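The values are calculated or read from the model by the stated rules, or taken from the named source; none is laboratory data. Here the structure is a predicted model, which is why all the values come from computation and not from measurement. Virtual Cβ from ideal backbone geometry, glycine too; neighbours counted across all protein chains shown. Surface accessibility is based on the protein's heavy atoms, side chains included, excluding ligands, DNA and RNA. Shrake-Rupley method; radii C 1.70, N 1.55, O 1.52, S 1.80 Å.
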Amino acid sequence: MILRHADWDPDVMPCMDLTEQDVENMAENLVKFHQEFHSCFGRAEHQRLGLAYFSGLLSNSKAKSIEPIALEFLGEKSVRSQQRFMKTYCWDLEAMENRHLTLLSESVSYPGGMINTDSSEFLKKGKESVGVLRQYCGEAGKTDNCQSGVFVGYSSKKGYGLLTSQLYMPATWFSKEYEERRQFNLVPADLKFQTKPQIALALINKISDTGLFPAKWIGCDATFGSDSNFLKSLPPEMYYFAGIRSNAKVFLEKAEVGLPPYKGRGPKPKKIKILAGQPEPQAVSKIAQTKGAQWTPVILAEGAKGPIVAEVMALRVYLSKKGLPEKNACWLFIRRSQDGQIKYAISNAPEDIPFSDLCEASIMRWPIEQCFEEGKSHLGMGDYEHRSWPAWHRHMTYVFLGLHFLLRLRLDNKKKSCVDTTSSTEIDSRGIAIGISEHKNSIKNSSLSYKEKFCGLSMS
């Protein structure tokens, strides 16, 4: 088996009682899994190169870029072929992704799931890699030389995975100065500049149109949640649960607006403003710090080290846009972790939605971050040395397949697992509702009048 070229490490999955025979079976399953995608390749040689690359990403090798993978699994003479396989060889990436979506949906699709979108950055040196530029890098926590991709994933009570992605191309890359680099890196000639929210919206619609991943929610972080046009353009059959920044402003009560009264001198007022005596918008961070704010303690999940406890607050508010309240109210959901970290989100879910549903939605955002953590820590998600547009997307799709394969292993070996519930434990919405009654709340500047309640979610 091709996996046997890499050293066997019995501690790769320390929570499972694995034998060497188990690892042999995994190697066989890996080959069979990759065979599910053989129809995407035009030649048997492509199948061999693809299996080597896939195996390299899933191996214990520390270096998971093309050359080390080719040297370890195929030999020195195959390095050039492996490079061409990722950049120029003709095989159908779209068909591979579609097959991945079909197979993954059979494992994780469940009514009430969440489609997630997020961006992730990859530190890179030099100026030649496609889309690289000095821009904000979440991995570094500052502006740095990096590439950034927009990703869409899915989570439900049955599991999670990454579905599709697109590399973000900064506007600078569409200038005349970068024309030669675009051609060398095989950037599609018809590609136009899109913001990250625009890319995310197109990817979400693509996934939604497949009908493979039933979802009640769309989740995103503040990069997307702060874009009102993005939120308003999402599929209307789903509610969004969107992160916002701490300085975002909201109205706790809807202020009356209009033209200020004419004072008799100068030009008459033409700009709509908040009328005198009406409430002003305030930052959500200020609301969280308000003395006497009513926090509700909840157990959001059962983690490996015990319950994950947080305090939450849910309020009906009106978002402030250019200093004026928006027409419709929405939910402001504030979560304070035990370490004091506070996160803010908004949702267009209806006013009568159970509090438990909002709590459940708040943790369904975690899986896409878990995918990035697993992908970068174990599958070489950021270790690539590709420079071209096709190779970047082919690499990411193979990382998705790696996450998919690991999910299958977890599901197949669920009975052997001691604490690892990351991808295979069901989220039971009935569990979260224990001790919680549906709330009744008016659209006023007061928090929900819950007594102390605990929400048990079986997902870490």
(message) Can you say whether ILE308 is open to solvent by 20 Å² or more (accessible area, probe 1.4 Å) and either closer than 13 Å to ILE342 by Cα or under 24 Å from the mean Cα position of the chain (by Cα) (or both), as far as the supplied structure shows?
(response) yes
(request) Write out, first by first residue and then by second, each pair whose Cβ atoms fall under 6 Å of each other, whose residues are 6+ apart or on separate chains, and whose first residue, in segment 328-357, is over 12 Å from VAL284 (Cα atoms) and open to solvent by 30 Å² or more (accessible area, probe 1.4 Å) while the second is modelled with pLDDT under 95 and small (Gly, Ala, Ser). (result) SER337/ALA310
(request) Identify all residues within segment 328-381 that are in a helix (DSSP H, G or I), under 30 Å from LEU58 (Cβ atoms) and either aliphatic (A, V, I, L, M) or more than 19 Å from the chain's Cα centre (by Cα) (or both); write none if there are none. (result) ILE363, ILE368
(request) Could you list, in sequence order, all residues of segment 145-183 that are part of a loop (DSSP other than H, G, I, E, B) and within 21 Å of HIS404 (Cβ to Cβ)? (result) LYS157, LYS158
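Here's the yes/no breakdown for (1) at pLDDT 95 or above; (2) out of contact with any His (no Cβ under 6 Å at 6 or more places or on another chain); (3) of a type in the set (Asp, Glu); (4) more than 16 Å from ILE368 (Cβ to Cβ):
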position	(1), (2), (3), (4)
GLU139	no, yes, yes, no
GLY153	yes, yes, no, no
GLN194	yes, yes, no, yes
ILE207	yes, yes, no, no
PHE224	yes, yes, no, no
TYR240	yes, yes, no, no
(request) Identify all residues within segment 23-43 that are farther than 18 Å from HIS100 by Cα and open to solvent by less than 30 Å² (accessible area, probe 1.4 Å); write none if there are none. (result) VAL23, MET26, ALA27
(request) Could you tell me which residue of segment 70-113 is nearest to GLY380 (Cα to Cα), considering only residues that are touching an Asp or Glu at 6+ places or on another chain (Cβ under 9 Å) and either of a type in the set (Ser, Thr, Tyr) or in a strand (DSSP E or B) (or both)? (result) SER81
(request) Enumerate the pairs (first residue in segment 235-257 and free of Cβ contacts under 8 Å to residues at least 40 places away in the same chain and under 30 Å from ASP209 (Cα atoms); second residue anywhere and buried (at least 16 other Cβ atoms within 10 Å of the Cβ) and of a type in the set (Val, Ile, Thr)) with beta-carbon separation below 8 Å, excluding pairs fewer than 6 apart on the same chain, so at least 6 apart or on different chains. (result) PRO235/ILE204; PRO235/ILE218
(message) Checking VAL132 against (1) crowded, with 21+ Cβ neighbours inside 10 Å; (2) aliphatic (A, V, I, L, M); (3) closer than 25 Å to ARG408 by Cβ; (4) under 25 Å from the mean Cα position of the chain (by Cα), only one condition comes out false. Which one?
(response) (3)
(request) Quickly run through segment 90-125 and pick out the residues that are open to solvent by less than 30 Å² (accessible area, probe 1.4 Å) and β-branched (Val, Ile, Thr). (result) VAL108, ILE115, THR117
(message) Among (1) under 16 Å from the mean Cα position of the chain (by Cα); (2) without any contact (Cβ under 8 Å) to a residue 60 or more places away in the chain, there is one condition PHE400 misses while meeting the rest; what is its number?
(response) (2)
(request) Please enumerate the residues belonging to segment 124-144 that are touching a Leu at 6+ places or on another chain (Cβ under 7 Å) and either part of a loop (DSSP other than H, G, I, E, B) or within 20 Å of PHE193 (Cα to Cα) (or both). (result) VAL130, GLY131, CYS137, GLU139, ALA140
(request) Need at least 3 residues that are within 17 Å of ILE334 (Cα to Cα) and not hydroxyl-bearing (Ser, Thr, Tyr) per element, so show me which strands (runs of 3 or more DSSP E) inside segment 203-310 make the cut, counting only ones lying wholly within it. (result) 239-244, 249-251, 296-303
(request) May I ask you to verify whether LYS321 is at pLDDT below 95, farther than 23 Å from ALA255 by Cβ and open to solvent by 30 Å² or more (accessible area, probe 1.4 Å)? (result) no
(request) Confirm whether THR296 is of a type in the set (S, T, N, Q), buried (at least 20 other Cβ atoms within 10 Å of the Cβ) and over 20 Å from the mean Cα position of the chain (by Cα). (result) yes
